[in-house]
Amino acid sequence: MEVVKSGVKWSKVGYYSTRPMDADSQPERFYAGEFRHSIDEKNRITIPSRWRRDRPEDFILLPEATHQFLLVMSPKEFAKMSLAAETNEKVSARDRRVFLRQLHSRAQHAGADRQGRLVLPDELCQKVGLKNEVALVGNRGRFEIWNLQRWKRAHEEETATYQHVAKEIGL
């Protein structure tokens, strides 16, 4: 279908299907923004509404290598990260095996309920210093949960790098 108005052509380029998508064909999540939430007495945190789906979701929780924050990602995102490490030929085969063993042993499964509440294991909260108010920080296909004071320091320390790269790329 083509419509011409004031010399400008408009074309119909697609449509939205009302057919439900199966779980594997759904687009990957994109997490952006910063939110502050509190962890309750049962170590539950509510995922921001714009980040969650209206159904229960599975996640992989992984403490960042230096225990600065907790990474939260879909199993599919975790599998992509694992495959990238497994196929990286810049790292020796032995180091890849060790890394993958450590990566998978440190990762834990977690689920968010329909209300978007995610239960964080106590040992991970202690390891990363999560209690009371925390910062949830978007990072493309994953998000991070930070101790609020640690996040404020990191954000301040990283601002100069952000400004430098922004200038370099013309932002």
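Annotations for the structure displayed:
- Test: residue in the stretch 142-150 that is over 15 Å from L62 (Cβ atoms) and over 19 Å from the mean Cα position of the chain (by Cα): yes
- Qualifying residues in the stretch 51-64 (those that are under 13 Å from the mean Cα position of the chain (by Cα) and open to solvent by 30 Å² or more (accessible area, probe 1.4 Å)) - the one modelled with the lowest pLDDT: R52
- Flag for S38 being closer than 20 Å to F143 by Cα and at pLDDT 95 or above: yes
- When G111, G170, G138, G129 are checked against the criterion of being out of contact with any strand residue (DSSP E or B) (no Cβ under 8 Å at 6 or more places or on another chain) and either within 15 Å of I39 (Cβ to Cβ) or of a type outside the set (K, R) (or both), G170 stands alone in meeting it.
- Looking across the stretch 65-106, the residues that are open to solvent by 60 Å² or more (accessible area, probe 1.4 Å), assigned to a helix (DSSP H, G or I) and among the polar types (S, T, N, Q) come down to Q102, S105.
The values are calculated or read from the model by the stated rules, or taken from the named source; none is laboratory data. Everything numeric in this text was worked out from a predicted model, so none of it was measured. Note: ideal-geometry Cβ built from the backbone for every residue, glycine included; neighbour counts use all protein chains shown. All accessible areas refer to the heavy atoms of the entire protein, side chains included, with ligands and DNA or RNA removed. Shrake-Rupley method; radii C 1.70, N 1.55, O 1.52, S 1.80 Å.
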